[in-house]
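The structure appears below as structure tokens.
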Amino acid sequence: MKLFGRSSTAAKPRNHPVNDYKTAKGKNGQIIDVRTPDEVRSGMLPGAKNIPVGELGSRLGEIDKERPVLVVCRSGARSSRAAKMLSKAGYPDVINLSGGMMAYRR
């Protein structure tokens with residue numbers, strides 16, 4: 001079955017605790033923070049790139065498909081949606097950082 005011209009058998013994103021993001025990121029992972037610019041003013045995970053969830057579809061070219069993609073938001077709800085979007089768009093290794101920045105301990 002195909003959705004939007006892509007196979008619906010895309011790998012499902014997995015969840016990983018935000019406080020252990022470094023393990024999931026490894027040496028090559030990229031972190032995408034899908035919160036709004038106003039929200040990220042309070043701080044982001046080190047090395048994260050801000051692409052608000054509403055802009056994700058038009059900014060996919062900024063995300064490398066060959067590297068793991070970790071997605072974070074405030075609580076984990078938007079990042080879960082964004083992770084599913086990325087998987088459907090053909091990103092093979094997508095990780096939702098569960099709990100979001102609310103659960104992150106600096």
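Which cross-chain or sequence-distant (5 or more) residues have an amide H under 5 Å from the amide H of ASN96, H modelled 1.01 Å from N in plane?
Residues meeting the amide H criterion: ARG14, ASN15, HIS16, VAL71.
So for region 2-103, if I pair up every lysine 8 or more residues apart or on another chain, how many of those pairs have alpha-carbons under 13 Å apart? Kindly include the intermediate steps, with their values, before the conclusion.
Details: LYS2/LYS88; LYS12/LYS84; LYS12/LYS88; LYS65/LYS88.
Lysine pairs, 8 or more places apart or on different chains, close enough: 4.
State the dimensionless ratio Rg/Rh of the chain (Rg: radius of gyration of Cα atoms; Rh: Kirkwood radius).
Working: Rg = 12.9 Å, Rh = 13.6 Å.
When Rh is taken as the Kirkwood radius, the ratio is 0.95.
If each of LEU60 and ALA77 carries a label point 7 Å out from its Cα toward its Cβ, how far apart are those two points in nm?
2.6 nm
Tell me the angle of helix 77-88 to the major Cα principal axis of the chain, expressed in degrees between 0 and 90 and rounded to the nearest ten.
30 degrees
Hey, rough spin-label estimate for ARG41 and LYS84, points 7 angstrom out along Cα→Cβ, what's it come to in nanometres?
The modelled label-to-label distance comes out at 3.1 nm.
None of the figures in this text is laboratory data; all of them are computed from the coordinates on show. What you see is a predicted model, and the numbers here were worked out from it, not measured in a lab. Glycine gets a Cβ as well: all are built from the backbone with ideal geometry, and neighbour counts include every protein chain shown.
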